[in-house]
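As structure tokens, the structure follows; a few thoughts come after it.
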Amino acid sequence: MEIVVLKFGGTSVGTIEKIKKVAEIISIYRKKKYKVIVVSSAMSGVTNELVKKSRQISENFSEAEYDSLVSSGEQVSCSLIAGRLIHKGFKSRSWLAWQIPILTKGIHKNSRIYQINKKKIIQYLNQGGIPVITGFQGINEKDRLTTIGRGGSDASAIMLAKFFNAKRCIIYTDVEGVYTTDPNKLKKAKKIKVISYEEMLEMASLGAKVMQPVSIQDARLNRIDIEVKSSFINKPGTTITKRSNIINNKIITGISSTHNDAKVTLVGVKDKPGVAATIFKPLSKNLINVDMVVQNISPNGKETDLTFTIKSEDLSKTQKILKENTSINYRKLLFEKGVSKISIIGVGMITTPGVTYRMFQTLANKKINIQVISTSEIKISVLINKKNSKEALAALHKEFKLDK
Ligand code: ADP
Ligand code: ASP
Ligand code: MG
């Protein structure tokens, strides 16, 4: 009998009614004679509430206790799913990460799964049981609970599929699959049938919340095909797979956007070797993720302007660090919240010239000013004023024929 891993996201288990529906879906796979491993996230909103509570207790809440606290939502949803399966006459039980165990490495809040002990789960599957496993959690070498980053149940599912050599790994969520852009932001977004790991990784890293970026890295490394589909409507979803499995004639596969970025500019920085390192070292030490960086060419060889983006929630911490950093000399420090990063993604741009120009011209036609640009082989990102992001998204979606 083959193994299938079914992962349910927060919205799929957000209410008692939805959990009953999830149990229905699971029972269909069981009747198809699959051995089913279920992974669940916490009921929607629960993890956010727990994060909020930790902040109310302390601005510097212990990171080990944070993991213990915020991973607790998964215990509730898994027990409810298992309880419903038992109600329906199946053999089922919840498994917390430490009971298996699922072993992780790395720092609290952001660990990575590296090993899953298979023995107990295999035994349980062989007895006809349906294990319902908490996503998002693991334990470290000190037996402390860990979490694997927000949205991490996706990675839990992929790693379970890897270790149990599952035939299929299905991510059930609140949309019908991966779309050309967030369907909740643009009505014209279209469902993508197949997408490569590389494109999905870029889309996810650049704001498409539908899959956690780390989970796509794990899937690519281990060559695990992922199916993303709706837990509410029974329709084919999206397959995430290797590039050679895909025939695609589109230049751009998708567009991602972010809305909680902030821009920092240091005006008149003394231009000498090591200056960028002096600015960024304390930020990285404080785990502040610096995203787009531009340094202007210095006109007189003495001074330059340096701009970079961060998440808005890191702004006050960044301000403090920069102001306290006495090793850097600059004339002025500027901060701007309300910026948005729009990225077009597609392997098609490797072989198609003129994509950059088309993107810039489309924005120029709408009189949208580009503040920062960054590119990789398969993506172009621009930073614009947040108030223009909806219009930019719609215009680019049309320009690259994603509306059809
Ligand atoms: P889950 O609770 O199932 O993990 P998430 O909220 O993490 O679900 O992810 C699903 C959400 O991702 C959708 O509701 C949608 O708004 C958002 N999303 C962003 N970009 C995309 C995209 N390109 N395709 C599909 N959904 C997207
Ligand atoms: N419940 C966790 C979170 O909200 C994990 C997940 O949703 O995948 O981040
Ligand atoms: Mg998610």
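The values are calculated or read from the model by the stated rules, or taken from the named source; none is laboratory data. Treat the numbers as computed from the prediction; the structure is a model and nothing was measured. Note that each Cβ is placed from the backbone with ideal geometry, even for glycine, and that neighbours are counted across all protein chains shown. Each accessible area value is taken on the protein alone, full model and side chains, heavy atoms only, with ligands, DNA and RNA left out. Shrake-Rupley method; radii C 1.70, N 1.55, O 1.52, S 1.80 Å.
Observations
- Signed unit charges on C-beta, dipole axis of region 212-297, positive-most listed residue G274, V264, S215: G274
- Computed about the Cα centre, the dipole magnitude for region 17-170 is approximately 980 debye when only Lys and Arg (+1) and Asp and Glu (-1) carry charge, each at its Cβ.
- Translational D in µm²/s for the chain (Stokes-Einstein at 37 °C, 0.692 mPa s, Kirkwood Rh from C-alpha pairs): 144 µm²/s
- Descending Cα extents along the principal axes, region 94-152, whole Å: 36, 22, 15
- Backbone N atoms of region 174-215 closer than 13 Å to the 7 Å Cα→Cβ label point of K105 are not found in any residue.
- Region 75-137: chymotrypsin sites (Phe, Trp or Tyr not before Pro) falling in loop per DSSP and having at most 15 other Cβ within 10 Å: none
- Set of aspartates and glutamates with alpha-carbon distance to K193 below 12 Å, sequence-local pairs under 8 removed: E176, E227
- The modelled label-to-label distance for the pair K398/N286, using points 7 Å beyond Cα in the direction of Cβ, is 4.3 nm.
- Residue (of Y330, T47, N126) at the positive-pole extreme of the chain, dipole from beta-carbon charges: N126
- Taking trypsin sites (Lys or Arg not before Pro) across region 175-207, the ones in a DSSP loop with at most 11 further Cβ atoms lying within 10 angstrom of their Cβ are K187.
- Per residue, the Cα convex hull of region 54-161 amounts to 94 Å³.
- Proximal charge balance of D291 [Cβ under 12 Å; K/R count +1, D/E count -1]: +1
- Spacing of the two label points (7 Å from each Cα toward its C-beta) at T326 and K118, in nm: 5.9 nm
- In a DSSP loop and with at most 10 other Cβ atoms within 10 Å, the GluC sites (Glu not before Pro) in region 283-392 are E377.
- Region 80-176 - percent of accessible surface contributed by carbon and sulfur, probe 1.4 Å: 47 percent
- Cut-off 11 Å between beta-carbons: net charge of the residues surrounding M43, Lys and Arg +1, Asp and Glu -1: -1
- The distance from the alpha carbon centre of region 356-404 to that of region 72-133 is 43 Å, rounded to a whole number.
- The distance between label points at K32 and K142 comes to 4.4 nm (points 7 Å beyond Cα on the Cα→Cβ vector).
- 25 Å Cα-Cα threshold exceeded, pairs from K229/K404; K109/K270; K53/K187; K229/K366: K109/K270; K53/K187; K229/K366
- Here the sum of -39500 (n - 2.57) over DSSP H runs of 4 or more residues, divided by the residues of the chain, equals -10000 deg cm²/dmol at 222 nm, to the nearest 500.
- About the Cα centre, charge dipole magnitude for region 266-374 (Lys/Arg +1, Asp/Glu -1 at Cβ), debye: 160 debye
- Links that overshoot a 25 Å alpha carbon limit, given the list K120/K162; K35/K118; K311/K390; K191/K263: K191/K263
- Compared with the dominant principal axis of the Cα atoms in the chain, helix 153-163 is inclined by about 60°.
- As a length-normalised measure over Cα pairs under 8 Å and 6 or more apart, the relative contact order of the chain settles at 13 percent.
- Dipole orientation for the chain: of the candidates T253, I288, I342, T253 has the Cα lying most toward the positive pole (charges on Cβ; Lys, Arg +1; Asp, Glu -1).
- Counted by Cβ distance under 14 Å from D271, the other residues give a net charge of +2, where Lys and Arg count +1 and Asp and Glu count -1.
- Inter-centroid distance (Cα atoms) of region 238-268 relative to region 1-71, Å: 27 Å
- For region 348-404: rounded, prolate or oblate by the Cα gyration tensor [a/c cutoff 1.5]: oblate
- Each Lys and Arg Cβ is given +1 and each Asp and Glu Cβ -1; about its Cα centre, the chain then shows a dipole of about 980 debye.
- Comparing E65, E199, E227 in a Gaussian network model of the chain, where Cα atoms under 10 Å apart are tied by springs, the biggest mean-square fluctuation is seen for E65.
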